[in-house]
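Novice: Below is a structure I'd like to ask you about.
Bear in mind these aren't lab numbers, they're just calculated from the coordinates by the rules spelled out. Being a predicted model, the structure only gives us computed values, none of them experimental. FYI the Cβ positions are ideal-geometry reconstructions off the backbone, even for glycines, and counts take in every protein chain you see.
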Amino acid sequence: MMEENPKTRLADLELHRLEQKVEEMIRLCARLREENRTLRTQQEHLVNERAALIEKNEIARNRVESMLTRLKSMETGS
């Protein structure tokens, strides 16, 4: 059998390191993809919640304005 020469061993070692880095990058991409998906879902939920709160606020404002208008008309009518 032929012995590996030092250059071949070094190349194999470098290739192994590169493979590890590529695998690490793949795991990182998968984790970031999942995190991005989660953040988009949270953002969508918050946007919907904000819209509902704005609508409730508008309803409350209209009710208060209506009550104030009725109170003013009662004052002037007395």
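Novice: First select every other residue whose beta carbon is under 14 angstrom from the beta carbon of Val47; then total the charges, Lys and Arg +1, Asp and Glu -1. Mind showing how you got there, number by number?
Specialist: On the way: positive: Arg40, Arg50; negative: Glu44, Glu49, Glu55.
That sum, taken over residues with Cβ under 14 Å, equals -1.
Novice: For the chain, give the magnitude of the charge dipole about the Cα centre (Cβ charges: +1 Lys/Arg, -1 Asp/Glu; no others), in debye to the nearest 20.
Specialist: Working: 15 positive and 15 negative charges, 118 e Å.
With Lys and Arg at +1 and Asp and Glu at -1, about 560 debye.
Novice: Continuing with this model, one more query. Rounded to two decimals, what ratio of Rg to Rh does the chain give with C-alpha atoms and a Kirkwood Rh? Let's see the in-between values first.
Specialist: Numbers: Rg = 33.4 Å, Rh = 19.1 Å.
With Rg and the Kirkwood Rh in hand, the quotient comes to 1.75.
Novice: For the chain, what does the helix formula give at 222 nm: sum of -39500 (n - 2.57) over DSSP H segments with n ≥ 4, over the residue count, nearest 500 deg cm²/dmol?
Specialist: Working: 1 runs with 72 residues, N = 78.
Result for the chain: -35000 deg cm²/dmol, rounded to the nearest 500.
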